[in-house]
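Here the structure is laid out as structure tokens; the discussion comes afterwards.
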Amino acid sequence: MSGRTIKLVVVGAMVGAMSAGTLLAETHKEFHFNVGTKAGVSVNNPYGSISVKPSAGNTVTINAVLYSDKVEVDSSQTGNRVEIQSHLLPGATAESGRVDYEVLVPADASLTLHSNTGSLHAEKLHGDVTLEGAASTVDIRDITSAHVHVKTLNGPVTLTNVQDGHVEVDSLSGEVTLIRVTGPLVQVISTSGGINYTGDFGDSGEYRLTSHSGNIEATVPDSTSADVTASSVRGEVHDDIPLQPKTHTSFIVRQGSAFVGTMGRAAVSSTVVLRSFSGKIHLRKRTAK
Amino acid sequence: MNCVELQESLAEIEDGSRADQRAHLKTCAECSALVADLNLIASSAIDLREAEEPSPRVWNSIEIAVRQLEAELNLIASSAIELREAEEPSPRVWNSIEIALRQEGLIRPPRSSRSLLPSLSSRWAWARWMVPAAAVLLIAVGVYVRQHSLAQQLATDLATHPASAAVSDVAIAGLNDDDLLQEVSEQTPAMKAQYADNLRSVNEYIQDAKGNVDANPNDEEARRSLLEAYQEKAMLFELAMDRTQP
């Protein structure tokens, strides 16, 4: 055996030992709670991801992966409410305090998730969903008839197929993407992050997309019916879709920085307000694929 | 009376007019500043309330906040009743109370250099007051931006009485950018640059929104934008406070 081969074997053994050590440091914990209808479930996890999916019955199941002994999982049930908390012990860091959760809840449960750094994911639910994360990536999909509230510092937010929802998203600098999101109220406020909306704005809701310096882009199909107001204080405003102009507006429409009009059937339409200060606004038609 | 006792007594008599409160305020600059801030906010709220009723949106926001608070208090109360009725409380009861108190920010893991008791004399104590103060501020701003006649009156007041300018400034709610950044840099240094960038952006947002309201006092959307800008800043502080309370 050559010297080089021996070195490779030694290095391989060390890497293997380190990997085994890492795996051994992980701890799996599982919790089960029986709940009634419209239960409340709260997960507060400073470091790590939280993924929530619907369960088959009236059971809340928590699967937690702890990455060190610097963190514990505290769980409690009070009546119809389940609370899970990652309990950081002295000396815990973002790495050693990490816990990844996979949570199964009844589809009608109300959900509150909080994480600073991990990804937050919820899908196929029809209870209210509240997600808060600093740098967390937020992914919400297939939610119906529920309130969806999201707050992030700079983590990107993606909402997909949220129907008949009361949606409020606040983000300082994270990109916000809404795909097929409709409901009585859909509101996004961003300071510097961009906002992308792809969908038809429903048929009777209020849609307000506001950003200070981020760009706003809405891509809609031909069938969309909406009263649209778009204005930017210093940014450009583009409209690829011919709108029926409105003669009466509450502000002076300056070419290139604002437009107001109706698309589709005015009698059955949503109200859409797109506003920015320095970001660009672009209303475009979705091309058939 | 010490700072903690004064803080508790403000729940009953918030203007610091009681004899023992006055005695403490004479010797404590921080508490004096706090009481002055609370009095200013209270007087501003009265002025705004007398002008006109706020919009349904404002009342709706207040109602939601009150309901959330009520639900949390009920949870703590039910845990307390369960605790009182048991001779030896189960670990589950202690656990649930601990989680509730930690979420409220009332307890923290032990630190060698910090007291578990909230103290007005600690540098980060203003954070205890940040959320209610920010809520009051947002309500005030909401009313402000809703009523252009009042906005114009305030604009005149701001020009003639510089002290009134503080009413519409986040500083009145104790939202001090430097304090925030220093705390973030101590607790999560890696996030300081991100918070600094976002602070700068949201301050620009507020300034632009203010300018837009001044230029278009009859534009309801402009006033709404100003409210939203303040909401963004309040959210930034809220997120920062969450991060510093593991």
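Residue check: is A:GLY127 touching a residue at least 24 places away in the same chain (Cβ under 8 Å), more than 14 Å from chain B (Cβ to nearest Cβ) and outside any strand (DSSP E or B)?
Working: touching a residue at least 24 places away in the same chain (Cβ under 8 Å): yes; more than 14 Å from chain B (Cβ to nearest Cβ): yes; outside any strand (DSSP E or B): yes.
Yes.
Note on region A:78-102: residues that are buried (at least 17 other Cβ atoms within 10 Å of the Cβ), in a strand (DSSP E or B) and either in contact with a strand residue (DSSP E or B) (Cβ under 6 Å, 6 or more places away or on another chain) or more than 8 Å from chain B (Cβ to nearest Cβ) (or both) total 11.
For region A:181-224, a residue qualifies if it is outside any loop (DSSP other than H, G, I, E, B), among the hydroxyl-bearing types (Ser, Thr, Tyr) and surrounded by fewer than 23 Cβ atoms within 10 Å (Cβ to Cβ), and the qualifying residues are A:THR198, A:THR219. Across region B:205-228, the number of residues qualifying as under 13 Å from A:SER276 (Cα atoms) and facing chain A (nearest Cβ under 7 Å) comes to 6. Applying the set (1) over 13 Å from the mean Cα position of the chain (by Cα); (2) more than 14 Å from chain B (Cβ to nearest Cβ); (3) surrounded by 18 or more Cβ atoms within 10 Å (Cβ to Cβ) to A:HIS121 leaves exactly one unmet item: (1). Residue-level check: of (1) over 13 Å from A:ASN34 (Cα atoms); (2) in a strand (DSSP E or B); (3) away from chain B (no Cβ under 14 Å), A:THR112 misses just (3).
Read-outs throughout are calculated quantities, based only on the coordinates presented, and are distinct from any laboratory measurement. Treat the numbers as computed from the prediction; the structure is a model and nothing was measured. Note: ideal-geometry Cβ built from the backbone for every residue, glycine included; neighbour counts use all protein chains shown.
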